[in-house]
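Trainee: Handing you a structure now.
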Amino acid sequence: MNTEVKRIKKSIQINATKEKVWDVLFTDHYTRIWYAAFGEGSHADTDWEVGSKAIFADGSHSGLIAEVIVNQPNEKLSVEYTGVLNDKTEDYDSDVAK
């Protein structure tokens, strides 16, 4: 099994202030709009504070579970995925979760 980690970096020029971009990326009203591309009813349940749990769930209460690793407002947000959510049940131990 190949466990090599590959990083993909892409960028795009956005004609907006970094504060406006941050607002769209992390405010519930906006995230529900653009997260819908991943699944109907998708949203983030978190306070975005470092060390906090972040649950990215869809309308069926399934999705991904993460921990907020870095939150530098208007600069950088990093999360580490730690598990999956299946019909409201958190799973950190299955092969899928790992």
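Trainee: Can you tell me which of H29, H43 is in contact with a helix residue (DSSP H, G or I) (Cβ under 6 Å, 6 or more places away or on another chain) and modelled with pLDDT of 90 or more?
Mentor: Working: H29 fails: in contact with a helix residue (DSSP H, G or I) (Cβ under 6 Å, 6 or more places away or on another chain).
Going through H29, H43 in turn, the sole match is H43.
Trainee: Could you please find all residues in the stretch 36-61 being aromatic (F, W, Y) and touching a Gly at 6+ places or on another chain (Cβ under 9 Å)?
Mentor: Here is the first cut: in the stretch 36-61, the residues aromatic (F, W, Y) are 38, 48, 56.
Answer for the stretch 36-61, where residues must be aromatic (F, W, Y) and touching a Gly at 6+ places or on another chain (Cβ under 9 Å): F38, F56.
Trainee: Residues in the stretch 53-74 that are more than 11 Å from the chain's Cα centre (by Cα) and either modelled with pLDDT under 95 or buried (at least 16 other Cβ atoms within 10 Å of the Cβ) (or both): how many?
Mentor: Filtering the stretch 53-74 down to residues more than 11 Å from the chain's Cα centre (by Cα) leaves 58-62, 69-74.
After this cut, where a residue has to be either modelled with pLDDT under 95 or buried (at least 16 other Cβ atoms within 10 Å of the Cβ) (or both) as well, the list is 58-62, 71.
Going through the stretch 53-74 one residue at a time, the tally reaches 6.
Trainee: Among the residues of the stretch 57-98, which ones are among the basic types (K, R) and assigned to a loop (DSSP other than H, G, I, E, B)? Give the derivation first.
Mentor: Looking only at the stretch 57-98, we keep the residues that are among the basic types (K, R), and these are 76, 88, 98.
Result: K88, K98.
Trainee: Then there's this: Going through the stretch 11-46 one residue at a time, which ones are under 17 Å from the mean Cα position of the chain (by Cα), free of Cβ contacts under 8 Å to residues at least 12 places away in the same chain and either within 30 Å of D87 (Cβ to Cβ) or in a loop (DSSP other than H, G, I, E, B) (or both)?
Mentor: Result: V24, T27, H29, Y30, R32, I33, W34, A36, A37.
Trainee: Next question, about the same structure. Out of V50, V5, report the one residue that is in a loop (DSSP other than H, G, I, E, B) and surrounded by fewer than 12 Cβ atoms within 10 Å (Cβ to Cβ). Show your work before the answer.
Mentor: On the way: V50 fails: surrounded by fewer than 12 Cβ atoms within 10 Å (Cβ to Cβ).
Among V50, V5, only V5 is in a loop (DSSP other than H, G, I, E, B) and surrounded by fewer than 12 Cβ atoms within 10 Å (Cβ to Cβ).
The values are calculated or read from the model by the stated rules, or taken from the named source; none is laboratory data. Note that the coordinates shown come from a computational prediction; the quantities given were computed from them, not determined experimentally. All Cβ positions, even for glycine, are placed from backbone atoms using ideal geometry, and neighbour counts span all protein chains on display.
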